[in-house]
Number of protein chains: 2
Amino acid sequence: MATYKAPLRDMRFVLNELLDTERLRRLPGCDEVTPDVVDSVLDEAAKVCEEVLFPLNRSGDEEGCHLVNGEVQTPKGFREAYRTFAESGWTSLAADPDYGGQGLPKTLTVLMEEMFCSSNLSFGTYTGLSRGAYFALRTHGPDDIKRRFLPNLVSGTWAGTMCLTEPQCGTDLGLVRTKAVSQADGTYRITGTKIFITAGDHDLTENILHLVLARLPDAPAGIKGISLFLVPKLLVREDGTLGARNGVGATAIEHKMGLKASATCVLDFEDAVGYLIGEPNKGMRAMFTMMNDERVSVGVQGLGLAEVSYQNAVAYARERLQGRSVAGAKHPDQPADPLIVHPDIRRMLLTMRAYIEGTRALAAWVSLAIDEAARHPDADTRRSGDEFVALMTPIVKAFLTDIGFESTNLGMQVLGGHGYIREHGMEQYVRDARIGQIYEGTNGVQALDLVGRKLPAGYLARFLEPVSAFIAAHRADAGLAEFVTPLDEAFGRLQEATAVIGRAGFTDPEEAVSGATEYLRLIGLVALAYLWARMAKAAVPKAGAGDDARFYRAKVDTARFFMQRVLPQTASLLAAINAGGRSITGFDEASF
Amino acid sequence: MATYKAPLRDMRFVLNELLDTERLRRLPGCDEVTPDVVDSVLDEAAKVCEEVLFPLNRSGDEEGCHLVNGEVQTPKGFREAYRTFAESGWTSLAADPDYGGQGLPKTLTVLMEEMFCSSNLSFGTYTGLSRGAYFALRTHGPDDIKRRFLPNLVSGTWAGTMCLTEPQCGTDLGLVRTKAVSQADGTYRITGTKIFITAGDHDLTENILHLVLARLPDAPAGIKGISLFLVPKLLVREDGTLGARNGVGATAIEHKMGLKASATCVLDFEDAVGYLIGEPNKGMRAMFTMMNDERVSVGVQGLGLAEVSYQNAVAYARERLQGRSVAGAKHPDQPADPLIVHPDIRRMLLTMRAYIEGTRALAAWVSLAIDEAARHPDADTRRSGDEFVALMTPIVKAFLTDIGFESTNLGMQVLGGHGYIREHGMEQYVRDARIGQIYEGTNGVQALDLVGRKLPAGYLARFLEPVSAFIAAHRADAGLAEFVTPLDEAFGRLQEATAVIGRAGFTDPEEAVSGATEYLRLIGLVALAYLWARMAKAAVPKAGAGDDARFYRAKVDTARFFMQRVLPQTASLLAAINAGGRSITGFDEASF
């Protein structure tokens, strides 16, 4: 039987012992985020995840969604779970108190997002998209629209979506064809077809607010002619009550590899009433508000799935008796030793563990910067936070989903044939994790964003500075040398790779982006090395004795494993980048 | 619409231009394997794969198998396809002419196995298991059993299975509990439950021959007390006609991640009549005859799936218009450039290509040794062939399935969201490829076999010798330096890693096996580097001009990509091995 327990001890370590949460509490509206409050919120979140969402995860995958008479039906139990979820306030965590939200900082909500993803990723997409729609509306919507639509979105009475993709355009949104025609009353009429719309229709809420990219009749061609519209499924009267059905509906749902309890819809818009959000032809800017937040959240999906897969792989490895330790029987009283004695099983579990705890710290570190960028009273601090977040967003999205997929595959491998059958649920994590590498901009597009936009903008310094300061401060610390020395070496590789790519960028953009995927992974690994070194520093003094010494010893030992067995990947990545891109760009197109 | 065309040009290159097929033709029974014969057999195989098997691949996945009244029904069209397949002689390719087979060498049949896997892996499991059962019976069965059972197995009138796994034992077959009791007439009665039996029941053939591991009443405990039995689904009279139903039947089929058109059965044996194959308590030896052949075939599954995924990814990348080349629009007349202009798309396609063509060569190289080991008149040559095959079997199984999974994931990634939905078939290749890393001994077990058995046996020299001779012979060849230099460097890394593991092996077996997975991948990559250098050598002289210059240029360019962008992985693998296993074996078990 699959299990999930929220990793609260490690979450508290990240929040209270790794990050400087004093920095967080000094931010406006965050003074009440004390360890006690954190504890109680995390405890409550853990409860709803373990008891309400997780039990529906496998049944939701088996049943999937159904389109019946143009309406999507979610799997059995989802409606009741959603009601409990919304009534307990879980949809309003991050939202502004002005609209009924709890105003919690991202540094805290990111931990709960992880739990939602661990326990039921499909369920999480319904609330995740609503959160993204909320941010775009709050940031770019006119006041009357915000007053009319946001409170119900925040309370979870209504849900939200992002409608970008069309049959002829995915990554390249300049090709959007959906049309918007202005009306005398200031509204617009939207007509077109959107595909791959996550949570595009469902029976969890009374209404759904679609945020739709479309083109005005006089719009310039390409990406500079895209505007953003709010198109509610049911019209909403001035007083906020529900009116007639709008001209939008699901005409099909996709059959997918995974994420089956999340409805991926084809939506047809036909003269649907819409409201302009932001300025005409500036829709991409507004959409990016939503997409950046979503990208960090998608990264966290990889983390959440890796965590639940790890827990179940460990449980199986302890229980399943198979073979004998190569060093001699460890449990001669039993017919065989448990799997966990075998070094290759431990290698898989430790790899997952090093990735999971490392990326949990990474997500929290970036989230703290998100909070500073949004809330800090000082404009310079906000700007530097913004730059750091802009740099790290593609890394969190791509690196965390890549290793989420790798980790869930390792977890499944631990179970052998029992991992491949559906019964244990391990293969579902693999199928669910796979989409993270694709949606919200494929991981290749994230790498291009990092190398083609974020590096030229000069944002890399925001990452290099704290890491090099940490290395300088601890280079002479013998007790941390086994962590700081490999970090230093990997950091040197990152600087070399950056120089190679930077030089190419001036003269040959194709050459510069040919190593983008390797570069993104390289910086992701260096970020993890930095955080593992910091975690080791925090844990070493407490690993000797005391109540929780085992926790800290495991932290130190996992840091060691990461440095010795995972971080060496950076050598290969640098070598591939140094080899240049000629073998890629010069390959004859007709010969593929 | 998904497509598949057998890669005949590249197969002919491997057979006629890379390998020394004169060596093959000198083997007894192989003198007729001329280029003309090869061409016509490959052409015919391509036809049945493209026209009969491939069209049933996706529908078979969608429909799956069903257990109805204790009998497995295969998906629509499978029975007719099987009839065509068997009647055309495709089940008898490798079998001995004494039993109606065609006696074709593995060097040739391995190419057809690849086609079967590319076009319909699930279908291929039914015939693949029959081939494995044939080998075990032919090698270890008594003459009367062979006369009675083999001709119908070879003709495809009957099928075969391997029944090893039980609920409490997968890898650790010493835990087998199924019992065999001898009868006065020389037969045995078999009772027990077997699980995960691929092709364990189906409606494709009149009868199914189960090869079953079981334990005699007086058998020693553990792996030394296992015997092998033949248990037919329907009893077979002395004259070869079918008798009554035997005491074996499917009680359930598994619901799996993929390979859905292949029935994975729970088989219950209750006093089923069985025939001893080989000596009592020596069942594992007999089973390994079958398993080694199956392991090479499972490796080829990874290759076959990578190939079909590559073909469809290339087709999509040429067709799908999305974004502009970073070097400026390449097709300004169209609304966007095709995906194939983007370096990251090309990186994915070239990675697949380098793996596919490299592992096709590797599978053929090992297959030639299989043929020499089986057929060569000289005992020393047979023995050295055997040792090479013993060394390479775990590598082919694990390395090819690992990169089969990586490659099908790359192929899926090229399609973005369209790869994640079922419609294009790309995600099926991923799901189907995943089992290869698990069945026939997990890839971790393969690595343990390599490091724990094959290295200590001294077989590594069989690999090192030809590679080091090639390097020595071509080190001064300036025209090949870009291939031979990286090969030489990677070869040095392999030797260093071998020394590290060898030293540990003497004193600390846990330490020695802690790097087994990395070591297996390292030797796999060096093998590919060696074969890519040889392929480059064969192609360079023909790449300048002539009818087929484009083919040879692509070969040279892919070799270059492999050396520059893939082979650097070896640096990380060596670093991880050099770091030792203490961080793995020393981790506190209770802290996982």
* Filter the range A:558-586 for residues that are crowded, with 22+ Cβ neighbours inside 10 Å and either outside any helix (DSSP H, G or I) or without any contact (Cβ under 8 Å) to a residue 24 or more places away in the chain (or both); which is farthest from the other protein chains (Cβ to nearest Cβ)? -> A:L567
* To do: Kindly indicate the residue of the range B:164-210 that is more than 14 Å from chain A (Cβ to nearest Cβ) and under 21 Å from B:L121 (Cβ atoms) and also surrounded by the fewest Cβ atoms within 10 Å (Cβ to Cβ) among those meeting that condition.
  => B:D203
* Could you list, in sequence order, all residues of the range B:61-84 that are without any contact (Cβ under 8 Å) to a residue 60 or more places away in the chain, of a type in the set (A, V, I, L, M) and under 23 Å from B:M257 (Cα atoms)? => B:V68
* Asked: How many residues are more than 8 Å from chain A (Cβ to nearest Cβ), of a type in the set (F, W, Y) and closer than 22 Å to B:Y519 by Cα if we restrict to the range B:426-457?
  -> 0
* To do: Among the numbered conditions (1) over 17 Å from A:G524 (Cβ atoms); (2) in a helix (DSSP H, G or I); (3) more than 26 Å from the chain's Cα centre (by Cα); (4) in the same structural domain as A:D508 (by TED's automatic domain parsing), tell me where A:A590 comes up short.
  => (4)
* Structure fact -> For the range B:189-201 the number of residues that are at positive phi and either over 22 Å from the mean Cα position of the chain (by Cα) or in a strand (DSSP E or B) (or both) is 2
* Asked: In the range B:325-337, is there at least one residue being within 17 Å of B:E294 (Cα to Cα), acidic (D, E) and at pLDDT 95 or above?
  -> no
* **Filtered residues of the range B:470-486 (kept if in a helix (DSSP H, G or I), without any contact (Cβ under 8 Å) to a residue 24 or more places away in the chain and open to solvent by 60 Å² or more (accessible area, probe 1.4 Å))** => B:A472, B:A473, B:A478, B:T485
* Within the group B:R382, B:R462, which residue is open to solvent by 20 Å² or more (accessible area, probe 1.4 Å), of a type in the set (K, R) and without any contact (Cβ under 8 Å) to a residue 60 or more places away in the chain? -> B:R382
* Among the residues of the range B:257-281, which ones are under 30 Å from A:Q428 (Cα atoms) and either more than 20 Å from the chain's Cα centre (by Cα) or not assigned by TED's automatic domain parsing to the domain that holds B:I195 (or both)? -> B:C265, B:V266, B:L267, B:D268
* Structure fact -> Exception for A:A490 within (1) within 13 Å of another protein chain (Cβ to nearest Cβ); (2) under 26 Å from B:V414 (Cβ atoms) falls at (2)
* Only listed residue being at pLDDT 95 or above and of a type outside the set (A, V, I, L, M), chosen from B:T161, B:T171 -> B:T161
* Residue ID - surrounded by the most Cβ atoms within 10 Å (Cβ to Cβ), chosen from residues in the range B:314-338 that are in a helix (DSSP H, G or I) and either facing chain A (nearest Cβ under 9 Å) or basic (K, R) (or both) -> B:A317
* Do we have A:S122 as touching a Leu at 6+ places or on another chain (Cβ under 6 Å), of a type in the set (S, T, N, Q), outside the structural domain of A:G240 (by TED's automatic domain parsing) and crowded, with 21+ Cβ neighbours inside 10 Å here? -> yes
* Sort through B:V430, B:V414, B:V467 and tell me the only one that's crowded, with 19+ Cβ neighbours inside 10 Å, within 30 Å of B:T125 (Cα to Cα), over 16 Å from the mean Cα position of the chain (by Cα) and touching a residue at least 60 places away in the same chain (Cβ under 8 Å). => B:V414
* Options A:I345, A:I356: the member that is under 22 Å from A:A559 (Cα atoms) and more than 10 Å from chain B (Cβ to nearest Cβ) -> A:I356
* How many of the residues making up the range B:504-527 are more than 11 Å from every other protein chain (Cβ to nearest Cβ), at pLDDT 95 or above and open to solvent by 10 Å² or more (accessible area, probe 1.4 Å)? -> 1
* Structure fact -> Scanning the range A:548-557 for residues that are within 7 Å of chain B (Cβ to nearest Cβ) and in contact (Cβ under 8 Å) with a residue 40 or more places away in the chain gives none
* Assess whether A:E465 counts as being modelled with pLDDT under 95 and either in the same structural domain as A:V500 (by TED's automatic domain parsing) or assigned to a loop (DSSP other than H, G, I, E, B) (or both). => no
* Structure fact -> Across (1) more than 9 Å from chain B (Cβ to nearest Cβ); (2) in a loop (DSSP other than H, G, I, E, B), A:G411 clears everything bar (2)
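The values are calculated or read from the model by the stated rules, or taken from the named source; none is laboratory data. Since this is a predicted model, take the numbers as computed values, not measurements. Using ideal geometry, Cβ is built from the backbone for each residue, glycine included, and neighbour counts are taken over all protein chains shown. When the accessible area is computed, the model is the full protein with side chains, heavy atoms only, and any ligands, DNA or RNA have been set aside. Shrake-Rupley method; radii C 1.70, N 1.55, O 1.52, S 1.80 Å.
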